[in-house]
1. Examine region 89-106 for a residue that is hydrophobic (A, V, I, L, M, F, W, C) and in contact with a His (Cβ under 8 Å, 6 or more places away or on another chain), and state whether such a residue exists.
2. Within region 36-54, is there a residue that is buried (at least 16 other Cβ atoms within 10 Å of the Cβ), assigned to a loop (DSSP other than H, G, I, E, B), in contact with a Leu (Cβ under 8 Å, 6 or more places away or on another chain) and of a type in the set (D, E)?
3. Given the residues G375, G398, G356, which is the only one that is touching a helix residue (DSSP H, G or I) at 6+ places or on another chain (Cβ under 6 Å) and either over 19 Å from S20 (Cβ atoms) or modelled with pLDDT under 90 (or both)?
4. Considering every residue within region 90-105, establish whether at least one is within 12 Å of the ligand (Cβ to nearest atom), touching a helix residue (DSSP H, G or I) at 6+ places or on another chain (Cβ under 8 Å) and not hydroxyl-bearing (S, T, Y).
5. Among residues belonging to region 1-31 that are within 15 Å of the ligand (Cβ to nearest atom), over 15 Å from L140 (Cβ atoms) and aliphatic (A, V, I, L, M), point out the one that is surrounded by the fewest Cβ atoms within 10 Å (Cβ to Cβ).
6. For residues that are away from the ligand (no atom under 15 Å from the Cβ) and either under 21 Å from R112 (Cα atoms) or at pLDDT below 90 (or both), tally how many sit in region 35-67.
7. Tell me whether region 295-302 contains one or more residues that are touching a Ser or Thr at 6+ places or on another chain (Cβ under 6 Å), assigned to a helix (DSSP H, G or I) and not polar (S, T, N, Q).
8. Would you call E145 part of a loop (DSSP other than H, G, I, E, B) and either among the charged types (D, E, K, R) or surrounded by fewer than 19 Cβ atoms within 10 Å (Cβ to Cβ) (or both)?
Amino acid sequence: MDETHDYDLLIIGGGMVGASLACALAGSGLRAAVVEAVPLRAQEQPSYDDRSIALAYGTRCIFAGMGLWSSLRDVVTPIRCIHVSQHGRFGVTRLAAKDYGLEALGYVVENRELGRVFAQHLKSLDKEVTLFCPARLQALDFGAERVTATVEQDGKTLALRAALVVGADGGRSLVRRLAAVPSREWDYGQSAVIANVTPGRPHDGVAYERFTDSGPLAMLPLGRNRCALVWTVARGSEDELLALDDEAFLSRLQARFGRRLGTLRKVGRRQAYPLILIRAEHSLVPRLALVGNAARTLHPVAGQGFNLGLRDVAALAEVLWDARRRGEDPGAAAVLRRYLDWRRDDQRRVVAVTDGLVRLFTNPFPPLAWARSLGLALLDVLPPCKRLLARQFMGFAGRQPRLARGLRLEY
Ligand SMILES: Cc1cc2nc3c(=O)[nH]c(=O)nc-3n(C[C@H](O)[C@H](O)[C@H](O)COP(=O)(O)OP(=O)(O)OC[C@H]3O[C@@H](n4cnc5c(N)ncnc54)[C@H](O)[C@@H]3O)c2cc1C
């Protein structure tokens, strides 16, 4: 070993979820380190790539509690209304922020902007959080009192020891594998094609979610005159869509999406992502917590993955902060049990809702298609049901962490 370092907490993965946890713990007195394989602002960064994501209103509250919202406010686009429909069928449901007395139901942000904000913030926390980047986890050794991570950086081998290791290293998590946590996978047989699109008409802050027979298609408002497209297609068709010239791509998209945004004029760089549900069978493992995609990778329908991951981060940060105040070991089973028990219901609900939506809306059985249309139309005229749906989308279901209630963790 070239060097050995000791911390209270070691976060593997400085993507959206790992970086959020490091920022949330600032001021806790816990000494933390983040190990990230790819520089946060590099073109090839897998978390802060060409995508844009929808942040729920609850996520805004958590970022505000963490002191990050002021850096994000100017680069997000508010979602003032959500419009849900089915391709080629009747029935529409609309959710409007003004019905709930809010300025927005959520916000759209480019992942690269998130990367920029996290990189800046982590730099300002350099006395509390040590960032090893680019550096890659190679091995983990779980001892009774500490975990030792073997990390490669600049040709050196480092031993990083901590009371708790947090796996935030994405869907193909090495931490999960090294800790022998089993996982279950369901391949949806779909891929998401993403791109930025310039519509002919202003988006007016409306996010469109349109269910088609090949999967959901979302057009999210982005900036003044662009939309972020997430188009789910049957696996195998994405290569053809990526290879089309811009004009042919836009005409295919127009046929699927319709004319609610007028004539689609321009499309930017396209990229595709295979869609697989991955769930860690995460019963308690002392000295280990899995968060974000490492714990569960979801279908992007309804934009729930990161929002759920951030609620987990807010809860874990609170549990660790309180444990620290009581002088408890942050990796102790009793501390981790508090976090797992708290978050189980929300996690199960979000997996069930996203997975259920995909299965329900891609089922071609004609009576079901008709029932879906009727359901969307009925939902639109039933305010209490809409309120439940809006609460779920905004991330307000279940017990809220202090950060989500706008309180500081030291409260
Ligand atoms: C098309 C699409 C659209 C989406 N839209 C939304 C949306 O609108 N709203 C929403 O909430 N969610 C959305 N999501 C989900 C969201 O992208 C994920 O929830 C989020 O990226 C999870 O972040 P993460 O940090 O857990 O994992 P990742 O983003 O995968 O980051 C993992 C990090 O770990 C690093 N890493 C991996 N292995 C190692 C190693 N051995 N050593 C060191 N570092 C390592 C990687 O370099 C990476 O930076 C979408 C997903 C897709 C695919």
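The values are calculated or read from the model by the stated rules, or taken from the named source; none is laboratory data. None of the values given here were measured: they were computed from a predicted structure. For neighbour counting, all protein chains shown are included, and Cβ atoms are generated from backbone atoms with ideal geometry for every residue, glycine included.
1. Yes.
2. Yes.
3. After applying the criteria, what remains is G398.
4. no
5. The qualifying residue surrounded by the fewest Cβ atoms within 10 Å (Cβ to Cβ) is M16.
6. Count: 3.
7. So far as region 295-302 goes, no, none of its residues is touching a Ser or Thr at 6+ places or on another chain (Cβ under 6 Å), assigned to a helix (DSSP H, G or I) and not polar (S, T, N, Q).
8. yes
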